[in-house]
Structures are given as structure tokens and as C-alpha cells.
Amino acid sequence: MRGRIREGRVDFTGSMIIYRVLLSILREESGVAKILRGMRRTDVLGRIIPEFSRIEGLVNFGGHHHYTVDEHTLRTLEKLDSLRDVDTGTEEQEFREILESLRDLVPLRMALLLHDIGKAFEGDHEVSGSEAAGLICERFGLNEETIDTIEFLVYRHLRMFKVSERQDYSEEGGVESFARLVGSQERLKMLYLMTYVDISSVGPGVWTGWKGAQLSDLYRRTLDYMQRGGVLEQNFDEVLVASGLDPEARERVKSHCESIGTPSYLREVVPEKMLVHIDMVAGLRETGSAQVRQGSFLDFHEITICWWDRPGLFSDITGVLYSEGLNVLGARAFSRSDAVAVDLFHVEVADQTGVPMESRAENIRAKLEAVASGEEDVEVLIGRWLKTNRYSPLLKRSRPLYGPSVKYDNTISDVCTVIEVNAGDRTGLLHDEASVLSQLGLDVRAAKISTIASRARGVFYVLDVDGKKVEDKERMARIEKELIARVKKPSLTDGK
């Protein structure tokens, strides 16, 4: 079996059954690390979570690490399991009691499993790690609250130690600021446990009684503040300070966020990434050319596009990505008040042409400009690509198992109507959905796209032709009818 797995003859990726099995393992009270270590030894873990295979055998050069990244990761989970068996009256009794009080062990264990996944990629490993963790958790079908918690723990897994070591939280406002950053007692407990097992698993002698005393003091003060009903509404200035941004950078980020004005942008994009978006906006204004940046994460890639906003832009962008042979795994679309769009896409390659992602990114930029000037038509671009790639084995095909559905919500947003479309995933699906919305005169102001195995969910924040919400029942019925008809129509990639 081990040989078949290593040769790729057993494929676990994208299987919701396998994902549910792993999640059930993570919910067990004990023995979880032993199972995961066995899964790592037989290459099963890397098959289920391909990103994990990138840290296997990876040397950890930071700090006092004695182990490779994957070994350190498994040791954190073993340390967590061992807390169940500690004796009363020992230093670790506090950690055992906290562990036993948690409502759900999946967020903590998944965060530990993924907390150093970012070390396989370029840049700050907390930032890249939280992004990768979010995508992995979406694949597993976890709910948004759980995903948010896991992303937080991965992104902030070093923060509690840094605060306890460097900040005088005995001063007025110190504990309050940290409490608002964490946000809840449950997250505080998980972050405290994560900090302890992480430091304890770095190497012999790294954890000391003094570190423990500092962390325990911070934990108890913060928990006491929360239990007394202290205000936990997050202060964005405190988030920026915690991210290490200097005063000038913080002001730039705040101005940028005010221009976007979408609360989800603050929740879903870390400040370090916001600075990249700000630089792209500046580049757009300076050059007048579409700004496209790409980064690679194992078998998927991140494409960020900054371009002049207009009705139909989201449809054009999704079509251009399709014409470059890219399956969209997830997307976030945001519009600034100064008519600039910042759209983020996670994609995978759907053809076998071997074109480097750097070249595809440049092609995307050139095509967007050609479409905007009228020199090219999106559907023609897609047709050209399909001529030679229609039968690529990497394309996602239509699956009638998941019938499409359309839901409306006029309560989530004060300004926009939210349209949620659920359907079986396939290459080009997002472009088909966005095209229908554009053709019906709807302006997509924001969007959130996610895929789980063979299913795709698109959430679109739209304005009608009059710049207002969609509230007319007949209008809603027509939009729903058009969306379902387009989604159900056989894809061009099906060879029909």
C-alpha cells in the first residue's frame, strides 16, 4: 500500500469522505498524534494535504529549532495529547484543565498541523501559512467561523509569546489591547495551549519556568478581563500595531481600507497583504497599466489583479483567467471608492502546455488591457484556448450530481443584494455565472468564491441597473432562471 501511495496510484485529494475521516481523527480525545505520525510515515498525510508534503524533511533554520518542520509539527500534536495524562499539582495541570474545557478540538489541532506550513513558501511564514490554511480548510468543508479561528491561530501563533516577552502589559491598556486582538475566551485558551506546545516542541531546554510564568500571567490577566465583560470589539489600529507596521504604513493601510469600505476585506486580508495591494494601486495610477501579481503555493497559485473598475469587469477577469487555462478555486473581489478594483484569485492550471505562471500573469495583464480597449473579446479568447485544450485531462468537468440553486439575501448588506449560487464545479463555471450577472445589468461590487471537492459556491454582492438593491420579485425570478440555465448548460469543456 505504501508503494502504491508513493507512486500516486492512490489519490486522496478532493475526497470529502477522506476529509471527514481526518476531521473525525482530529476530534478524538487522545492518540491523534500517533495516528498522524503513521499517516506521515506512509505518505498518506501528504496525499490528503499536499501542502504538508512541502515541509517534510524541511530544515528549520529559525531560533533554537532542533527538528525538521514536519517533525516539529508532529511533536506539537504529541505534546498536546500528552497533556491529558499529566498529574494534578504539576506545572502542566493548568494546560490539562484548559484543554479539557475546549468545546471543539478541531480548530486547535488543525492549526497546529498547519501552523508552520508557510515555511515551505516565500515571505513571512505566518502570512503565507494563514492563506494556505484558509484554502485547505475550505477544501475540508469547514464552516466560516472555524476557518476564521484556524486562520487566526496560524497567523498569530507567535503573538502571545512576543507580548509576554516584550510588552509591559501591566501598564494600562496592555491587557485590554491583547484581549481585543484575540477576541474570545475560547480563542485565548487555544492560543495559550498552542504557544506552550509550540515552544516546548522546538528543542530541549527551550521552554523554561520563566517563560511559563510570563505566559501564565498574561493568560490569567486577559481571561480575567474577558470574564469581567471587558470590551472585545476589535480595534483596527491595534491589529496594525500587532502586525509590526510602522506609523506611516499604518496610515496608508487605514486610508486604503476606508476607500474599500467592505468589512470583509478587514477580516479576510492581513495587513501585510494590504500593503501589497496599496503598491499595486499606486502602480496602476503611475503607469495606467493593469497590475497583475502572482505567487505559487505547491499545486495552486494566487493571482492578484488591480485594474480600473467598471460594470462587467469581474466577468471579463474570470473569462481571461479561463482563456489562460486556469481553474478558479477561490476568489475575493473588492471595489474602492475611487473606481479601482482589487481582485484576488486562487487558481490551478487546467492545461498541459507547460507555460510558466509568470508568463500567464503577463498574458493576463495584456489581455485585460486588450479587452478594455476593445481590441479583444473575452469569448473569442476563450474559444482560442479551447481549440487546443478542450480535452485536457486537467479540466474540471460538469457533474450533474449537484443541482444548481440560487438564493437571495437583502439583509446582509446595507447597500447590495447578496446572490448565492451553488452548483457542481467545472472549469469556466465562475465566468458563466459572472457573465449572466453582467448581461442582466448587475454590477458585482464584491464576491466570495469557494470550492469544496466537486461543489462550488459563489456569493455575489450586486447592485441593479439603477444602483440599488434587487427587490422586485419578477426581476429576481428572471435572474435565478438565467443563472440556473447557464450553470446547467453543458460546458464547452465537456466536448458537447
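The values are calculated or read from the model by the stated rules, or taken from the named source; none is laboratory data. Values in this document were obtained by computation on a predicted structure and should not be read as measured data. Backbone-built Cβ (ideal geometry, glycine too); neighbour counts: all protein chains shown.
Annotations
- Filtered residues of segment 124-148 (kept if out of contact with any Lys or Arg (no Cβ under 6 Å at 6 or more places or on another chain), part of a helix (DSSP H, G or I) and free of Cβ contacts under 8 Å to residues at least 12 places away in the same chain): Glu144, Glu145
- Residue satisfying all of: in segment 290-344; of a type in the set (Ser, Thr, Tyr) and within 13 Å of Ala447 (Cβ to Cβ); surrounded by the most Cβ atoms within 10 Å (Cβ to Cβ) among these: Thr318
- Failed item in (1) assigned to a helix (DSSP H, G or I); (2) within 30 Å of His346 (Cα to Cα), with Leu218 passing the rest: (2)
- Tyr169 satisfies every condition listed in (1) modelled with pLDDT of 90 or more; (2) assigned to a loop (DSSP other than H, G, I, E, B); (3) farther than 18 Å from Leu114 by Cβ except (1).
- Selection status of Thr287, more than 20 Å from Leu245 (Cβ to Cβ) and out of contact with any helix residue (DSSP H, G or I) (no Cβ under 7 Å at 6 or more places or on another chain): yes
- Any chance Met274 is part of a helix (DSSP H, G or I), over 16 Å from the mean Cα position of the chain (by Cα), not aromatic (Phe, Trp, Tyr) and not assigned by TED's automatic domain parsing to the domain that holds Asp148: no
- Residue within segment 169-190 that is surrounded by 14 or more Cβ atoms within 10 Å (Cβ to Cβ) and touching a His at 6+ places or on another chain (Cβ under 6 Å) present: no
- Residues in segment 251-260 that are surrounded by 13 or more Cβ atoms within 10 Å (Cβ to Cβ) and either out of contact with any Asp or Glu (no Cβ under 7 Å at 6 or more places or on another chain) or without any contact (Cβ under 8 Å) to a residue 24 or more places away in the chain (or both): 6 in all.
- Scanning segment 213-222 for residues that are of a type in the set (Phe, Trp, Tyr) and either touching a Pro at 6+ places or on another chain (Cβ under 8 Å) or outside the structural domain of Ala132 (by TED's automatic domain parsing) (or both) turns up nothing.
- Residue that is buried (at least 18 other Cβ atoms within 10 Å of the Cβ), at pLDDT below 90 and in the same structural domain as Pro404 (by TED's automatic domain parsing), where the choices are Val470, Val462, Val487: Val487
- Residue check for Glu258: within 30 Å of Ala447 (Cα to Cα) and out of contact with any helix residue (DSSP H, G or I) (no Cβ under 6 Å at 6 or more places or on another chain): yes
- Residues that are in a helix (DSSP H, G or I) and either buried (at least 24 other Cβ atoms within 10 Å of the Cβ) or not basic (Lys, Arg) (or both), drawn from segment 102-123: Val106, Pro107, Leu108, Arg109, Met110, Ala111, Leu112, Leu113, Leu114, Ile117, Gly118, Ala120
- Checking Glu28, Glu56 one by one, the residue that is in a loop (DSSP other than H, G, I, E, B), in contact with a Gly (Cβ under 7 Å, 6 or more places away or on another chain) and modelled with pLDDT of 85 or more is Glu56 and no other.
- Residues of segment 368-377 classified as more than 27 Å from the chain's Cα centre (by Cα) and closer than 21 Å to Glu302 by Cα, total: 1
- Extreme residue, surrounded by the most Cβ atoms within 10 Å (Cβ to Cβ), among residues of segment 225-250 that are part of a loop (DSSP other than H, G, I, E, B), among the small types (Gly, Ala, Ser) and under 27 Å from the mean Cα position of the chain (by Cα): Ser243
- Residues of segment 407-427 that are of a type outside the set (Phe, Trp, Tyr) and part of a strand (DSSP E or B): Lys407, Asp409, Thr417, Val418, Ile419, Glu420, Val421, Asn422, Ala423, Gly424.
- When segment 334-369 is filtered for residues that are assigned to a helix (DSSP H, G or I) and either touching a His at 6+ places or on another chain (Cβ under 9 Å) or in contact (Cβ under 8 Å) with a residue 12 or more places away in the chain (or both), the ones remaining, listed by number, are Met357, Glu358, Arg360, Ala361, Glu362, Asn363, Ile364, Arg365, Lys367, Leu368, Glu369.
- Matching residues, segment 270-289, being crowded, with 21+ Cβ neighbours inside 10 Å and within 24 Å of Gly319 (Cα to Cα): His277
- The set of residues from segment 70-89 being within 11 Å of Leu113 (Cβ to Cβ) and either hydrophobic (A, V, I, L, M, F, W, C) or touching a Cys at 6+ places or on another chain (Cβ under 6 Å) (or both) comprises Leu74, Leu77, Leu80.
- Meets criteria (among the acidic types (Asp, Glu), under 24 Å from Gln352 (Cα atoms) and modelled with pLDDT of 90 or more) for Asp432: yes
Each row is one residue, and each column tells you yes or no for (1) without any contact (Cβ under 8 Å) to a residue 12 or more places away in the chain; (2) more than 15 Å from Met226 (Cα to Cα).
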{"site": "Gly173", "(1), (2)": "yes, no"}
{"site": "Gln185", "(1), (2)": "no, no"}
{"site": "Leu188", "(1), (2)": "no, no"}
{"site": "Met194", "(1), (2)": "no, yes"}
{"site": "Ser201", "(1), (2)": "no, yes"}
{"site": "Thr208", "(1), (2)": "yes, yes"}
